[in-house]
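Below: the structure, in structure tokens.
The values are calculated or read from the model by the stated rules, or taken from the named source; none is laboratory data. Note that the structure is a prediction, hence the values are computed from the model and not measured. Cβ coordinates were reconstructed from backbone atoms using ideal geometry, including for glycine residues, and neighbour counts include every protein chain displayed. Heads up: the accessible areas ignore ligands, DNA and RNA and are worked out on the full protein's heavy atoms, side chains in. Shrake-Rupley method; radii C 1.70, N 1.55, O 1.52, S 1.80 Å.
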Amino acid sequence: MHFVSGAAVSRILTFPILIAAMEEAHRRPKAEMLDGFLGDETAQFVVRSAVDRGRYMASKMFTSFPANLEGGEMPAVQAVCVLFDGADGRPLAVIDGTAVTHWRTAADSALGAKFLAPLNPEVLLVVGAGEIAPWLVRAHRTVRPSLRRVIIWNRTSARAAALAALLRGEGVEAEATADLDAATPIADVVTTCTRSHEPLIKGVNLRPGVHLDLVGSYTPQTRETDDDAARRSRIFVDRRESAFRGVGDILQPIESGAIEESDLLDLYDLAGGAPGRRSDTDITFFKNAGGGHLDLMTCEVVFQQLATRPLWKGDL
């Protein structure tokens with residue numbers, strides 16, 4: 001059985017490899033999923049499991065402690081994944097789940113953008129400068145390399161400035177802004193990853209043709225867009241079962257009547273040929289709700305890449 005560190009995951013994965021594998025996986029029948037939650041928003045333990053019958057099985061166990069961000073020494077979310085053979089049940093690998101989360105979350109959003117974002121966007125607005133933010137920028141620029149300018153907004157301006165500096169070090173034209181409402185109409189693609197309980201992206205500020213990638217809303221109480229943004233958009237999710245499980249950016253506009261459940265398509269529909277963007281002026285709204293099936297897909301790719309890129313001793 002392999003023990004795979006976060007350093008090893010990042011050494012053997014690339015976004016082109018992972019995004020392509022995820023797209024192919026969405027053309028297969030849906031994996032079975034089961035989630036378990038203990039605790040609350042301040043301190044939570046979660047187990048997400050998925051089974052792709054006859055192929056692979058996986059569970060990701062993770063904790064969520066948002067207060068860790070205040071100390072600056074540990075991430076809010078820490079995790080471990082276990083991958084099993086789906087044919088005979090053998091444990092195959094124990095993998096750093098925090099790294100898996102970074103890669104699969106960003107790749108999920110990038111796959112949505114591959115289907116839905118305008119073909120030649122130039123400006124990416126990043127809302128939230130947490131740990132996942134640079135991963136989202138890298139993934140979006142993988143599927144839309146025309147994204148040359150990145151604008152970053154964060155409630156704490158110092159963190160936005162720090163992320164801009166990090167991205168400039170990677171050769172990206174990046175800048176921080178203090179005015180989110182002014183930056184929103186400039187963007188061709190907007191990616192959000194916050195824990196906000198109040199809408200940050202307002203429909204009135206959206207330019208025709210923009211693509212919204214919503215990552216942060218993860219409880220019924222949290223949301224990053226208002227009803228007007230949902231009402232103006234073509235709505236897509238990564239997987240219906242995840243979206244209806246309890247994310248405010250989907251449940252709240254359904255409750256208010258701004259959208260209906262029947263309005264939603266997911267990545268399985270898109271991978272199967274369902275229409276996404278129908279015109280240059282469509283506003284597309286993609287909710288990255290996550291799910292154990294994405295962890296399973298990512299762990300599978302990591303395991304398969306191990307066959308071509310053996311572990312170093314320092315990766316164990």
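Residues that are open to solvent by 40 Å² or more (accessible area, probe 1.4 Å), at least 2 per element: which strands (runs of 3 or more DSSP E) completely within the range 163-229 meet that? First the steps, then the outcome.
Working: elements: 173-176, 189-192, 211-214.
By residue number, 173-176.
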The lone exception for GLY290 - which of (1) part of a loop (DSSP other than H, G, I, E, B); (2) open to solvent by less than 10 Å² (accessible area, probe 1.4 Å); (3) farther than 30 Å from LEU13 by Cα it fails: (3)
Enumerate the pairs (first residue in the range 282-298 and more than 11 Å from SER59 (Cα to Cα) and of a type in the set (Ser, Thr, Tyr); second residue anywhere and open to solvent by 10 Å² or more (accessible area, probe 1.4 Å) and part of a loop (DSSP other than H, G, I, E, B)) with beta-carbon separation below 6 Å, excluding pairs fewer than 6 apart on the same chain, so at least 6 apart or on different chains. THR284/ARG277
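Conditions tested, residue by residue: (1) part of a helix (DSSP H, G or I); (2) over 29 Å from ARG159 (Cβ atoms); (3) touching a residue at least 40 places away in the same chain (Cβ under 8 Å); (4) among the small types (Gly, Ala, Ser).
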residue: ALA7; (1), (2), (3), (4): yes, no, yes, yes
residue: LEU18; (1), (2), (3), (4): yes, no, yes, no
residue: ARG28; (1), (2), (3), (4): no, yes, no, no
residue: MET33; (1), (2), (3), (4): no, yes, yes, no
residue: PHE37; (1), (2), (3), (4): no, no, no, no
residue: GLU73; (1), (2), (3), (4): no, no, no, no
residue: CYS81; (1), (2), (3), (4): no, no, yes, no
residue: ILE95; (1), (2), (3), (4): no, no, yes, no
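When you scan the range 126-156, how many residues do you find that are under 18 Å from LEU167 (Cα atoms) and more than 15 Å from the chain's Cα centre (by Cα)? First the steps, then the outcome.
Filtering the range 126-156 down to residues under 18 Å from LEU167 (Cα atoms) leaves 126-154, 156.
From the residues that got through so far, the ones that are more than 15 Å from the chain's Cα centre (by Cα) too are 144-154, 156.
Looking only at that region, the number is 12.
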Considering only the range 77-92, state which residues are open to solvent by less than 60 Å² (accessible area, probe 1.4 Å) and under 23 Å from the mean Cα position of the chain (by Cα). VAL77, ALA79, VAL80, CYS81, VAL82, LEU83
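Any residue that is part of a loop (DSSP other than H, G, I, E, B), among the hydroxyl-bearing types (Ser, Thr, Tyr) and more than 24 Å from PHE3 (Cβ to Cβ) - is there at least one of those in the range 40-49? So that I can check it myself, show each step before the final result.
Within the range 40-49, the first condition is being part of a loop (DSSP other than H, G, I, E, B), and the residues that meet it are 41-42.
Cutting the leftovers down to among the hydroxyl-bearing types (Ser, Thr, Tyr) gives us 42.
The next check asks that each one be more than 24 Å from PHE3 (Cβ to Cβ); those that pass are 42.
Yes, the range 40-49 contains a residue that is part of a loop (DSSP other than H, G, I, E, B), among the hydroxyl-bearing types (Ser, Thr, Tyr) and more than 24 Å from PHE3 (Cβ to Cβ).
Would you mind finding the one in GLY128, GLY112 that is on the phi > 0 side of the Ramachandran plot, buried (at least 22 other Cβ atoms within 10 Å of the Cβ) and touching a residue at least 24 places away in the same chain (Cβ under 8 Å)?
GLY128
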With the condition kept exactly as written, say whether any residue in the range 61-71 is at pLDDT 95 or above, part of a loop (DSSP other than H, G, I, E, B) and either touching a Lys or Arg at 6+ places or on another chain (Cβ under 8 Å) or more than 30 Å from THR184 (Cα to Cα) (or both). no
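Give the residues of the range 34-76 that are among the aliphatic types (A, V, I, L, M) and open to solvent by 30 Å² or more (accessible area, probe 1.4 Å), sorted by residue number.
Initially, the range 34-76 is screened for residues among the aliphatic types (A, V, I, L, M), giving 34, 38, 43, 46-47, 50-51, 57-58, 61, 67, 69, 74, 76.
LEU34, LEU38, ALA43, VAL47, VAL51, MET57, MET61, ALA67, LEU69, MET74, listed by residue number.
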Tally, over the range 45-89, of residues that are closer than 17 Å to THR105 by Cβ and of a type in the set (A, V, I, L, M): 9
